[in-house]
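The next block holds one structure in the form of structure tokens; read it before the comments.
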Amino acid sequence: MGRQLLRLRAGSSWSSALLGQPRPGPARRPYASGVAQAAVDQSDSQPSEASTREKRANSVSKSFAVGMFKGQLTTDQVFPYPSVLNEDQTQFLKELVGPVTRFFEEVNDAAKNDMLERVEETTMQGLKELGAFGLQVPNELGGVGLCNTQYARLVEIVGMYDLGVGIVLGAHQSIGFKGILLFGTKAQKEKYLPKLASGETIAAFCLTEPSSGSDAASIRSSAVPSPCGKYYTLNGSKIWISNGGLADIFTVFAKTPVTDTATGAVKEKITAFVVERSFGGVTHGPPEKKMGIKASNTAEVYFDGVQVPAENVLGEVGGGFKVAMHILNNGRFGMAAALAGTMKGIIAKAVDHAANRTQFGEKIHNFGLIQEKLARMAMLQYVTESMAYMVSANMDQGSTDFQIEAAISKIFGSEAAWKVTDECIQIMGGMGFMKEPGVERVLRDLRIFRIFEGTNDILRLFVALQGCMDKGKELSGLGNALKNPFGNAGLLLGEAGKQLRRRAGLGSGLSLSGIVHQELSRSGELAVRALEQFATVVEAKLIKHKKDIINEQFLLQRLADSAIDLYAMVVVLSRASRSLSEGHPTAQHEKMLCDSWCIEAAARIRENMAALQSDPQQQELFRNFKSISKALVERGGVVTSNPLGF
Ligand SMILES: Cc1cc2nc3c(=O)[nH]c(=O)nc-3n(C[C@H](O)[C@H](O)[C@H](O)COP(=O)(O)OP(=O)(O)OC[C@H]3O[C@@H](n4cnc5c(N)ncnc54)[C@H](O)[C@@H]3O)c2cc1C
């Protein structure tokens, strides 16, 4: 990712012009994070979008998240809370929700799937008949043809009832064949999608290798073109592939030699392929034994001299990295939607227990400690659900600038669901620890969501660095303007004035007044102040660290945490505003959820940003973390001896 950031800056005088520093030296790779690197790389490279990176750099982003790093209140994508479904789409979705819910209540047995460590055949068959294997495949190719928002609503139901089944379906369509939908040629779509949509064939996504996890760019699988140019010979092995043992169709990423037309130099670049098991040479290992999502099949997949026809290249030769990252970015809202459903189911169990369990002569829901837990659980669910449908709606509206928001929704949803489920177990006491109520299964199932499809740590780095990168471009523009102050007086007055005002604590003049509902104006104020504090620190840290900010992970993590809090504030402000304006029956409840979230999130941001600004102490803390960790690694574990001395 570091290299990518530097590359994206090529030709920009970002650090040097503004700060009088020398231009960066040759690109280093301080840490290699494939997911984040590529997410940065692909953010403007959708096939449907003919625009080049250059074009995007010059265009004004409509993303709230991009804006918040610059101290801008970009409301286009977030206010009002988007409603994207037309009447027909709403009606169609309503007709699907009932049968899908009934199917999960009456046919699927999550506990049995977990015990069998596979999805029961009746469920698989039933899901195929429901069309659940081709939810977003166009009608004319045999799918249900749902938009992202409709898809979100249905996966929410799956997430509520069975995350194991959710992974089978998600590995198939959210990542397994998503590449064909997004990047496939007409011929590839017509050949593969009908059978994939019906579930006659199952798909898997093959990126991870034993030596290549987060650093996806370092894969070793290779695909060598034949001298006749008709096929590639694919060799390599992939690990932990969901549906790996069931799939017939694989989206596989492998290194291919690519000749630079300008220099003639040959470089190894990643290319994506659609690989059929029937090509021969494709085998898999036994199902992995794992902590959760046991019903889903996870297996190693081996490719041994597989002859892949040249027409099965997905996207461009050498463009596979972008294909992979684009697929992952596109699916993140689905994870948030599924987990919003999981939380809904879990909260119902916690409430049921709290409302019926008597201790000390009282129903336990009357105790403040239980009330706080339930309220926080409801807030986390509300935020996740609001994010999921905000991102899906933005995508349906044709936004191409939602990568930071999508990453935030994945991080937030996976951590919120874990916390909510853990607290449910606490509310249920010993009963929560038992197998029978099924909450322990959900906790086990949930753990992987913070790890796969981009670990939350890597995604935090992505959120912070992508935001800083866009802010960096602005600083660069300001730097150029400073070289020619008379020609750029307007820019300088606007930008410099804004920055000076912010630094002097005078406020930026930003406001959500008239945008958020009047009853939420105080929370709107809190969000604006938080945005100003956040942007002030981002700017100060960029000026201090310049391009080396990519190595400041302690700082980046804190920036990401505040970015997540801030985006969460805005999505709930937007959703609750809409409910209040439209007089929804739950509007006052939503106002409480929103206000409570904003009060606490604003305080966290204030504290986080103040801590980052009190540099000496923070620096001491970060130095300590580094030294403590180093000592642990040198010692091979805890450094201190037992207080008894032995
Ligand atoms: C059940 C299951 C199903 C899966 N399904 C699929 C699938 O269908 N297809 C597929 O391709 N893959 C799949 N995976 C793989 C999954 O995507 C990877 O496990 C994930 O990308 C993380 O890679 P890793 O496990 O190698 O961890 P590593 O990349 O080795 O990371 C280990 C730790 O180091 C941290 N870390 C790494 N680099 C940095 C850095 N630069 N800075 C700071 N911290 C860093 C990570 O955040 C993590 O905490 C699956 C995994 C599991 C367990």
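Rounded to the nearest 500, what is the chain's calculated 222 nm mean residue ellipticity when only DSSP H runs of at least 4 contribute -39500 (n - 2.57) each, over all residues? Write down the numbers at each step before the final one.
On the way: 23 runs with 354 residues, N = 646.
It lands at -18000 deg cm²/dmol.
Mind checking the log10 I(q)/I(0) for region 340-389 at q = 0.17, 0.24, 0.30 Å⁻¹? Debye, one equal scatterer per Cα, no solvent, two decimals.
For region 340-389 at q = 0.17, 0.24, 0.30 Å⁻¹, log10 I(q)/I(0) is -0.52, -0.84, -1.08.
What are the residues whose amide H is under 5 Å from the amide H of K269, where those residues sit 5 or more places off or on another chain and H is modelled from the backbone?
Sorted by chain and number, the residues that satisfy this are T256, V258.
Mind checking the per residue accessible area of region 223-350 for me, 1.4 Å probe, whole number of Å²? Before the final figure, lay out each step's value.
On the way: 4890 Å² over 128 residues.
Value returned for region 223-350: 38 Å² of accessible area per residue.
Run through region 346-417 and list the chymotrypsin sites (Phe, Trp or Tyr not before Pro) located in a DSSP loop whose Cβ has at most 15 other Cβ atoms within 10 Å. Could you put the intermediate results ahead of the total?
Details: sites: F360, F367, Y382, Y389, F402, F412; in loops: F360, F367, F402.
Here the chymotrypsin sites (Phe, Trp or Tyr not before Pro) that fit, given the DSSP loop and packing criteria, are F360, F367.
Mind grabbing the base-10 log of I(q)/I(0) for the chain at q = 0.05, 0.11, 0.12 Å⁻¹? Debye formula, identical points on the C-alpha positions, no solvent, two decimal places.
Calculated log10 I(q)/I(0) at the listed q: -0.24, -1.19, -1.39.
Computed on alpha carbon atoms, what radius of gyration and Dmax characterise region 213-366, expressed in Å?
22.7, 82
What net charge is computed for the residues neighbouring A611, neighbours being all others with C-beta under 12 Å from the C-beta of A611, Lys and Arg scored +1, Asp and Glu -1? Intermediate values should be presented prior to the final figure.
On the way: positive: R558, R604, R606; negative: D561, E607, D615, E620.
Taking every Cβ under 12 Å from that of A611, the sum is -1.
Go through region 253-301 and name the trypsin sites (Lys or Arg not before Pro) that are in a DSSP coil and have 13 or fewer other Cβ atoms within 10 Å of their Cβ. Each step should come with its number before you reach the end.
On the way: sites: K255, K267, K269, R277, K289, K290, K294; in loops: K289, K290, K294.
Those that pass, being in a loop and sparsely packed, are K289.
State the volume of the convex hull built on the alpha-carbon positions of region 208-276, expressed per residue in Å³ and rounded to an integer. Please list the in-between numbers first.
Numbers: hull volume 6.6 nm³, N = 69.
Per residue, the Cα convex hull of region 208-276 comes to 96 Å³.
Please give the solvent-accessible surface of S641 in Å², to the nearest 10, using a probe radius of 1.4 Å with every protein chain present.
Accessible area, nearest 10 Å²: 90 Å².
Per the Kirkwood definition applied to all pairs of different Cα atoms, how many angstroms is the hydrodynamic radius of region 55-120? Write out the running numbers ahead of the final one.
Numbers: mean 1/r = 0.0609 Å⁻¹.
The answer is 16.4 Å.
So what is the accessible area of region 102-201 per residue, in Å², with the probe set to 1.4 Å?
Heavy-atom accessible area per residue stands at 38 Å².
At 1.4 Å probe radius, can you tell me the per residue accessible area of region 404-483 in Å²? All intermediate terms of the calculation are to be shown ahead of the outcome.
Working: 2550 Å² over 80 residues.
For region 404-483, the per-residue accessible area is 32 Å².
Round to a whole number: what % of the accessible area of region 224-381 belongs to carbon and sulfur, probe 1.4 Å?
On the way: 3810 of 6850 Å².
Result for region 224-381: 56 percent of the exposed heavy-atom area is carbon or sulfur.
Filter the trypsin sites (Lys or Arg not before Pro) in region 566-600 to those in DSSP coil with at most 14 other Cβ atoms within 10 Å of their Cβ, and list the result.
Qualifying residues, ordered by number: none.
Kirkwood Rh over Cα pairs of region 178-224 into Stokes-Einstein at 25 °C, 0.890 mPa s: D in µm²/s?
Details: Rh = 12.7 Å.
My calculation gives 193 µm²/s for D.
Determine, for each peptide in 562-570, 215-223, the mean count of other beta carbons within 10 angstrom over its residues, then list the peptides with the highest first. Intermediate results must be reported in sequence, preceding the final value.
Details: 562-570: 25.9, 215-223: 20.7.
Top to bottom by mean Cβ count within 10 Å: 562-570, 215-223.
Going out from 0 in 10 Å bins, what whole percent of all Cα-Cα distances in region 128-254 drops into each bin?
Computed distribution, short to long bins: 13, 39, 33, 14, 2, 0.
On alpha-carbon atoms, Rg over Rh for region 542-646 using Kirkwood Rh?
Values: Rg = 20.9 Å, Rh = 17.3 Å.
Ratio of gyration radius to Kirkwood radius: 1.21.
What net charge is computed for the residues neighbouring G199, neighbours being all others with C-beta under 9 Å from the C-beta of G199, Lys and Arg scored +1, Asp and Glu -1?
Charge balance near G199 sits at 0.
Once phi is turned into θ = phi - 60°, what whole-Hz ³J(HN,Hα) does the Karplus curve with 6.51, -1.76 and 1.60 give for every residue of region 227-236, x standing for Gly and Pro?
Using θ = phi - 60°, the values come out as x, 7, x, 8, 8, 10, 9, 9, 9, x Hz.
Reported to two decimal places, what Rg/Rh ratio describes region 345-471 when computed on Cα atoms with Rh from the Kirkwood expression? Provide the component values of the computation, followed by the final result.
Numbers: Rg = 17.6 Å, Rh = 16.3 Å.
We get a ratio of 1.08 for region 345-471.
Can you tally the net charge around L314? Count Lys and Arg as +1, Asp and Glu as -1, for every other residue whose Cβ sits under 12 Å from the Cβ of L314. Working shown, then result.
On the way: positive: K178, K189, K322; negative: E311, E316.
Summing Lys and Arg as +1 and Asp and Glu as -1 gives +1.
The values are calculated or read from the model by the stated rules, or taken from the named source; none is laboratory data. This one's a predicted model, so the numbers in the text were calculated from it and none came from an experiment. Please note: Cβ atoms are built from the backbone with ideal geometry, for glycine as well, and neighbour counts cover all protein chains shown. These accessible areas exclude ligands, DNA and RNA; they are computed on the full protein's heavy atoms, side chains included. Shrake-Rupley method; radii C 1.70, N 1.55, O 1.52, S 1.80 Å.
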